[in-house]
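*Asks:* Sending over a structure as structure tokens; questions will come in a sec.
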Amino acid sequence: MALVVQRPKLSLAEKLYLPAVLGGLMLTIRHFFKSLGGKTETMQYPEQKWDDKLPEWYRGAPTLVADEWGRERCVSCQLCEFICPPRAITITPEEIPRTDVWAKVEKRPKEFEIDMIRCIYCGLCEEVCPEQAIFLRKDYAITGYSRAEMKHNKAKLYELGGVMPDVINKWNDQK
Amino acid sequence: MDSLNFLQQPIVFLVWTSILKTLFVLFGAILPLVSLSVFAERKVSAFIQDRLGPNRVGAPASLLGFKKDPHLWGFGQMVADPIKLLLKENFIPNSVNKFYYYIAPKLTMIPPLLVLAVIPFGSSFLTGPDGKPVQMVIANIDVGVLYVFAVSSLGVYGIVLAGWASNSKYPFLGGIRSSSQMISYELALGLSVVPVFLICGTINLSQIVDWQIKNGWLIFPISVVGGVHFEWWRLALIPLMGISFIIFLVSMFAETNRTPFDLPEAEQELVGGYHTEYSSMGFALFFLGEYAAMIAGSGVIVTLFFGGWSLPWIPDGTSTWLFGLENHVWSWVPGAFWGFVNINVFFAKVCAFIFFFIWVRWTVPRFRYDQLMRLGWIYFFEIALANIFLVAAVLVYLKP
Ligand code: SF4
Ligand code: SF4
């Protein structure tokens, strides 16, 4: 059955349209003067940032983290490289020399690059990492003048990631 | 100074004052006003939407070795915008009709500038060799308003040509829309000013202003020349002139393609309308044309309904009266000073209208095309026509 929608009956003032226009004009001019008086809703972006307003679970740029002793958590298993849907991650593994403090672990990344133009912030790398080495931290303002600049190398990734102390067992409640 | 005497010869005098006036209107008034109104558009729209708008571009003082760049509330944007447009790549699609594609933007820009030639923008500054004051209007022609309509409607050629020459569907539709809109509203526009001619008995814009100085503005008919006086029969004219003014104003919005009548450039339906295929300076010329048309339109409205450059109690450049009284006590103030004030009064009024145009743009949503046509043909046309008869009746039966 067809549904018949009744057209609303308009009063003369509504049909004339002008009163409504005047009402609208009054409304906008009020906002104009309010803003002129300095009451705007804007945030001055590059100076003021969202940082403290971001939710705890915010997924920003993927980064590498070190533990409290400064050890690279990543063991170059390349699982994240494999899982990454847009293939943003490129890892060059390297063996840890026997003389190193962390020689017990065999591998570490020699180079670890995430192409931030490709990354879709899906967080799969974080999910798949067995060593809790890669995390999506809160950085969201990722800009650059060239494509090369948008490739985060290992140094940059550690710089953004910082230190994440303790054993983070992501599958239990503590995560 | 003797060598400058030839400047006082009537013909030479006419020529150099005309050139001076033209240059002033073009470079002293219109181009700065266009820049300013583009900036105002951005700023006012921002304020209406509780934003800040452009507020960063200031003076590049750090290039000169200063510590900080003063931001000047974003006024640098007025300079930055044109520079940006000039430096952008001018991309010309391969399939366009080159000749018409090139001249279309110029054709939209020139008519509003030509309209400005007949609008009196001030009283007078100088006294000519024949002892008559030089009128602050580039061409004081008797067919003033007719000329305005004739020339301003030429602007549509640029838009139609741009749409056609682009060789692309959406611009073409934009051009078609523009032409039909222009035809529909030109009628209402023409009819709505007929009452003005009936009342003033002239279509020379300068004389219309003079009439308004003596008899009060058409929209607010209280005269202050020779003491405040008011004629009762003109009370009947106030609502009629109000109708006339509203129709003229709304039609002006349609003529200048401003929202809510900017259907030729409706980006939701037409991608971008007639200027879709234009980039950098071509696009900028359309922009310039639109804003110049807005300024010219405001100038016409101000001249026809708001007493042009006159302000009650402010004398004109010949300075024979002040505060409504024939008075020579004030004659020590040079006439040129009042001439200067008059020019500023005119542009202040124009600016007020530009603000109104912008204000409406960020308030009223765009019309649907059939609504636009209905408004033009069924309502405005009839109302304007009836209004003429009403005004004529008032003039015949009520005017003593
Ligand atoms: S967040 Fe997703 S897209 Fe980005 S690097 Fe990790 S797996 Fe790849
Ligand atoms: S999954 Fe974790 S440990 Fe494995 S390579 Fe990626 S970051 Fe390193």
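*Asks:* Could you tell me the calculated FRET efficiency between B:Asn167 and B:Asp69, based on Cβ-Cβ distance and R0 = 56 angstrom, to the nearest 0.05?
*Replies:* So, using R0 = 56 Å, E works out to roughly 0.80.
*Asks:* What distance in nm lies between label points placed 7 Å from Cα along the C-beta direction at A:Asp52 and A:Arg118?
*Replies:* Once both label points are built, they end up 3.8 nm from each other.
*Asks:* Given a 1.4 angstrom probe, what's the average accessible area per residue across the stretch B:45-194, in square angstrom?
*Replies:* I get 52 Å² per residue for the stretch B:45-194.
*Asks:* With r defined as the distance between the Cβ atoms of B:Asn97 and A:Val163 and R0 fixed at 56 Å, what FRET efficiency is calculated, to the nearest 0.05?
*Replies:* In this case the efficiency is close to 0.30.
*Asks:* How about B:Lys169: which lysines have a C-alpha closer than 27 Å to its C-alpha, ignoring those fewer than 8 places off in the same chain?
*Replies:* Those lysines meeting the cut-off are B:Lys88, B:Lys98, B:Lys106.
*Asks:* What figure, in Å² to the nearest 10, do you get for the accessible area of B:Met78 with a 1.4 Å probe and non-protein molecules left out?
*Replies:* In the full protein context, B:Met78 sits at about 50 Å².
*Asks:* How much solvent-accessible surface does B:Ile110 expose, in Å² to the nearest 10, with a 1.4 Å probe and all protein chains in place?
*Replies:* Roll a 1.4 Å probe over it and B:Ile110 shows about 70 Å².
*Asks:* Quick one: accessible surface of B:Phe305, probe radius 1.4 Å, all protein chains present, in square angstrom to the nearest 10.
*Replies:* Around 0 Å² of this residue is reachable by solvent.
*Asks:* Label points 7 Å out from Cα along the Cβ direction at B:Ser279 and B:Ala61: separation in nm?
*Replies:* For B:Ser279 paired with B:Ala61, the spin-label model returns 3.7 nm.
*Asks:* Now, a different point. For the A and B pair, go ahead and give the buried accessible area with a 1.4 Å probe, both sides summed, in Å² to 100.
*Replies:* 1600
*Asks:* Further question: All other residues with a Cβ under 12 Å from the Cβ of B:Gly273 taken together, and with Lys, Arg as +1 and Asp, Glu as -1, what is their net charge?
*Replies:* So the environment of B:Gly273 carries a net charge of -3.
*Asks:* Give the residues of the stretch B:39-57 whose amide nitrogen is closer than 15 Å to a point set 7 Å from the Cα of A:Lys39 in the direction of its Cβ.
*Replies:* Answer for this model: B:47-51.
*Asks:* With each run of n ≥ 4 DSSP H residues scored as -39500 (n - 2.57), what mean residue ellipticity at 222 nm is computed for chain A after dividing by its residue count and rounding to the nearest 500 deg cm²/dmol?
*Replies:* Working: 5 runs with 42 residues, N = 175.
Counting only the DSSP helices, I get -6500 deg cm²/dmol.
*Asks:* Further question: Using the 4.7 Å Cβ rule, please list in number order the cysteines from chain A without any candidate partner.
*Replies:* A:Cys74, A:Cys77, A:Cys84, A:Cys119, A:Cys122, A:Cys129
*Asks:* Next question, about the same structure. With a 1.4 Å probe and all protein chains left in place, how much of the accessible area of the stretch A:94-169 comes from carbon and sulfur atoms, in whole percent?
*Replies:* Answer for the stretch A:94-169 is 50 percent, counting heavy atoms of protein chains only.
*Asks:* To continue, here is another question. Take the Cα of B:Lys399, step 7 Å along the line toward its Cβ, and report every residue of the stretch B:187-206 whose backbone nitrogen sits under 13 Å from that point.
*Replies:* Hits in the stretch B:187-206 for B:Lys399 at 13 Å: B:195-203.
*Asks:* Here's another thing I want to ask about it. Among the helices of chain B (complete DSSP H runs), which have Cα atoms covering no less than 30 Å along the helix axis and a Kyte-Doolittle mean of at least -0.5?
*Replies:* Span-like helices here: B:169-200, B:280-305, B:335-361.
*Asks:* Now, a different point. Under a plain spin-label model, where a point goes 7 Å from the Cα along Cα-to-Cβ, how far apart in nm are A:Ile29 and A:Thr99?
*Replies:* So the label points at A:Ile29 and A:Thr99 sit 8.2 nm apart.
*Asks:* Which lysines does A:Lys151 reach when only Cα atoms under 18 Å apart count, and residues fewer than 8 places away in its own chain are ignored?
*Replies:* Once the sequence-local lysines are set aside, what remains near A:Lys151 is A:Lys110, A:Lys138.
*Asks:* How do B:Ile238, A:Ile29 rank by accessible surface area computed with a 1.4 Å probe, from largest to smallest? If you can, show how the numbers build up before the last one.
*Replies:* On the way: B:Ile238 65, A:Ile29 25 Å².
The most accessible residue leads, giving B:Ile238, A:Ile29.
*Asks:* Over chain B, what is the relative contact order in whole percent, taking alpha-carbon pairs under 8 Å and six or more residues apart?
*Replies:* 21
*Asks:* How much area per residue is accessible in the stretch A:1-150 when the probe is 1.4 Å and only protein heavy atoms are counted (Å²)?
*Replies:* 71
*Asks:* Using Cα atoms only, what is the angle between the long axis of helix A:18-36 and the major principal axis of chain A, expressed in degrees (0 to 90) to the nearest 10?
*Replies:* Compared with the principal axis, the helix lies near 40 degrees.
The values are calculated or read from the model by the stated rules, or taken from the named source; none is laboratory data. The model shown is predicted, which means the values in this text are computed figures rather than measured ones. Quick reminder, even Gly has a Cβ in these numbers, built from the backbone with ideal geometry, and neighbours come from all protein chains shown. Remember, those area values only see protein heavy atoms, side chains included, never the ligands or the DNA or RNA. Shrake-Rupley method; radii C 1.70, N 1.55, O 1.52, S 1.80 Å.
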